[in-house]
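Peer 1: Before anything else, here's the structure in question.
Derivation of every value follows stated rules applied to the coordinates shown; laboratory data play no part. What you are looking at is a predicted structure, and each value in this text was computed from that prediction instead of being measured. No Cβ is skipped: glycine too gets one built from the backbone with ideal geometry, and neighbour counts run over all protein chains shown.
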Amino acid sequence: MYNHHQKIIEKAKDKSPPYCAVCYPCEATAIESGLEAFKLGLLIPIFVGPKKQIKLIAEQYRLDLKNHQIIEASSEYEAATHSVKLIREQKAHLLMKGSLHTDILLKAVINKEAGLRTGKRITHVFLMDGPNWHTPYMITDAAINIAPDLVTKMHIIQNAIDLHHALGYGVPKVAILSAVEMVNPDISSTLEAAALCKMADRKQIVNGILDGPLALDNAISPEAAAMKGLDTPVTGKAQILVVPNLEAGNIFFKSLSFIGKADSAGIVLGAKAPIILTSRASSLDSRLVSCAMAKLSYHHSLTH
């Protein structure tokens, strides 16, 4: 685990652990994630799924569930709806995806009558950390919104800004990425980037410093920004990287992970509770950092 991710876990330990509904943990990694997060003081797991199957997996992998609550739910759908119900009844404060399909969980989350909708859009943020990086980077949205429109991008940015504050990083420098740094009518993401910056000027997006459109090199490299004659509070110093669409974001974060040897952690924001949404291939460290992010986000929401 790299330095910035480790610091997030240490920071989260100082807060009281919230209850977390672990939805359909029918793989050893899902059960282990809840137990290890509990040992670190990041959360108190409530396992929601088929009891017999969960206990059998735990026994097979020598995972001790003796002092932990398991709520019966026979199917993925039932586990998702019951986990969401625990949040609505304030019996749990975080939601963690187990081994069920993501779309089943999110369908329960966005249900108009019984879900966890708020006035915000549901968005995702990755927190990336790499070898000897001077800063972690947030990438958003690379997991939920496929082709976000202008209003959705406004929510994507605001949710990321709020998380940046929750993690104790202060006022973020937000780069709205495109292929170029000039507004080009033929590239729609440059037009939206310019509009989003003006929306920030008009306080439709708050508590962050925005600039865009920016190409990636101009956003994170002071040398590249200087060569282009770009000198703003964000150029070369960006901390939140807003991608134009899910395809770009997915390729970007996987390039960092598999070529750049970076670690990723991430959560879903905009619902009534932070959602720990990791893939089955995610490492235990990634899952634990995601738990720490969710815990800090939850505690920040209590005072803001």
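Peer 1: Can you work out ³J(HN,Hα) from phi for every residue in region 182-195, in order, using Karplus 6.51 cos²θ - 1.76 cosθ + 1.60 and θ = phi - 60°, giving whole Hz and x for Gly and Pro?
Peer 2: 3J(HN,Hα) across region 182-195, in whole Hz: 9, 5, 10, x, 7, 10, 4, 5, 6, 5, 5, 4, 4, 5.
Peer 1: Which one of VAL206, VAL268, VAL22 has the biggest mean-square fluctuation once the chain is modelled by GNM with Cα springs under 10 Å?
Peer 2: Between VAL206, VAL268, VAL22, it is VAL206 that shows the largest mean-square fluctuation.
Peer 1: Put +1 on the Cβ of each Lys and Arg and -1 on the Cβ of each Asp and Glu in region 145-248; which of LEU163, LEU177, ALA225 then has its Cα farthest toward the positive end of the dipole?
Peer 2: It is LEU163, whose Cα lies furthest towards the positive end.
Peer 1: Roughly how many nanometres apart are two label points built 7 Å out from the Cα toward the Cβ at LEU302 and SER221?
Peer 2: Modelled inter-label distance: 4.4 nm.
Peer 1: What is the diffusion coefficient of region 52-168 in µm²/s, taking the Kirkwood radius over Cα pairs and the Stokes-Einstein relation at 20 °C with a viscosity of 1.002 mPa s?
Peer 2: Numbers: Rh = 16.9 Å.
The diffusion coefficient I find is 127 µm²/s.
Peer 1: Under 19 Å from a label point 7 Å along Cα→Cβ of VAL151: give me every residue in region 197-221 with its amide N that close.
Peer 2: Counting only backbone N, you get 197-200, 202-206.
Peer 1: Next question, about the same structure. Of all DSSP beta bridges in the chain, what percent run antiparallel (nearest 5)?
Peer 2: The antiparallel proportion sits near 30 percent.
Peer 1: Return P(r) of the chain (all Cα-Cα pairs; 20 Å bins starting at 0; whole %; ordered from short to long distances).
Peer 2: 35, 55, 10, 0
Peer 1: So how tilted is helix 3-13 from the main axis of the chain? Cα-based, degrees 0 to 90, rounded to 10.
Peer 2: Once rounded, the angle reads 50 degrees.
Peer 1: Compute the helix-to-body angle for 246-258: its Cα long axis versus the longest principal axis of the chain, expressed 0 to 90° and rounded to tens.
Peer 2: It is inclined by approximately 80 degrees.
Peer 1: Using a simple spin-label model with points 7 Å from Cα along the Cα→Cβ vector, what separation in nm is obtained for ASP201 and LYS112?
Peer 2: Once both label points are built, they end up 3.7 nm from each other.
Peer 1: If you don't mind, another one. Placing +1 on the Cβ of each Lys and Arg and -1 on the Cβ of each Asp and Glu in the chain, which of LEU302, GLN204, LEU150 has its Cα farthest towards the positive end of the resulting dipole?
Peer 2: LEU302
Peer 1: Per DSSP H run of at least 4 residues, take -39500 (n - 2.57); add these up for the chain, divide by its residues and hand me the 222 nm value, nearest 500 deg cm²/dmol. Working shown, then result.
Peer 2: Values: 11 runs with 129 residues, N = 304.
So the helix-based figure for the chain works out to -13000 deg cm²/dmol.
Peer 1: In addition: In whole Hz, what ³J(HN,Hα) sequence does region 88-99 give by Karplus (6.51, -1.76, 1.60; θ = phi - 60°), x for Gly and Pro?
Peer 2: Each residue of region 88-99 in turn: 4, 8, 6, 8, 9, 10, 10, 10, 10, 6, x, 10 Hz.
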